[in-house]
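A.B. asks: One structure, as structure tokens, below. Some questions next.
The values are calculated or read from the model by the stated rules, or taken from the named source; none is laboratory data. Keep in mind it's a predicted model, so treat the numbers as computed, not measured. Glycine gets a Cβ as well: all are built from the backbone with ideal geometry, and neighbour counts include every protein chain shown.
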Amino acid sequence: MYWKLVNKEPVEIGWDELMGIGIQNNTLFRDNYGDVLISTVFLNITFNGPEFETMIFGGEYDNNQWRWSSYDEAEEGHRMAVELVTKIQSERERKLNDLGL
């Protein structure tokens, strides 16, 4: 199945239309925290209906990913991933500070 995002809503399209718009950079949210990247994208080509994907690159949660079926879920999921990463980084910094490092 092929999709495009129109006003935050997935719309099913045909192969010809997909080739007309091309496989686009569908990054919706992107945050960097040190060496960790958190990215949420809309997937143009799926087998199970429209999907959004949040993925963490780097750090303790490297390669963790979640799939969402709506824009709103993806937005909330991205926030959850950001909170997870920033909490880990804050705890690490606090422990290093306690050790005087």
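A.B. asks: Do the conditions hold for THR27, that is, is it buried (at least 16 other Cβ atoms within 10 Å of the Cβ) and at pLDDT 90 or above? Break it down into steps so the answer makes sense when it comes.
C.D. replies: Numbers: buried (at least 16 other Cβ atoms within 10 Å of the Cβ): no; at pLDDT 90 or above: yes.
So THR27 fails the test.
A.B. asks: Ok, one more. Among the listed residues LYS8, LYS4, identify the single one that is closer than 16 Å to SER70 by Cα, within 16 Å of the chain's Cα centre (by Cα) and among the basic types (Lys, Arg). Write out each step before concluding.
C.D. replies: Details: LYS4 fails: within 16 Å of the chain's Cα centre (by Cα).
Just one listed residue meets the conditions, LYS8.
A.B. asks: Check segment 78-97 and report whether any residue there is surrounded by fewer than 11 Cβ atoms within 10 Å (Cβ to Cβ) and not in a helix (DSSP H, G or I).
C.D. replies: No - not one qualifying residue is present in segment 78-97.
A.B. asks: Also, I was wondering about something else. Taking segment 47-77, which residues are surrounded by 17 or more Cβ atoms within 10 Å (Cβ to Cβ) and assigned to a loop (DSSP other than H, G, I, E, B)?
C.D. replies: PRO50, GLY59
A.B. asks: Among ASP35, ASP62, ASP31, ASP98, which is more than 18 Å from LYS4 (Cβ to Cβ) and touching a residue at least 40 places away in the same chain (Cβ under 8 Å)?
C.D. replies: After applying the criteria, what remains is ASP31.
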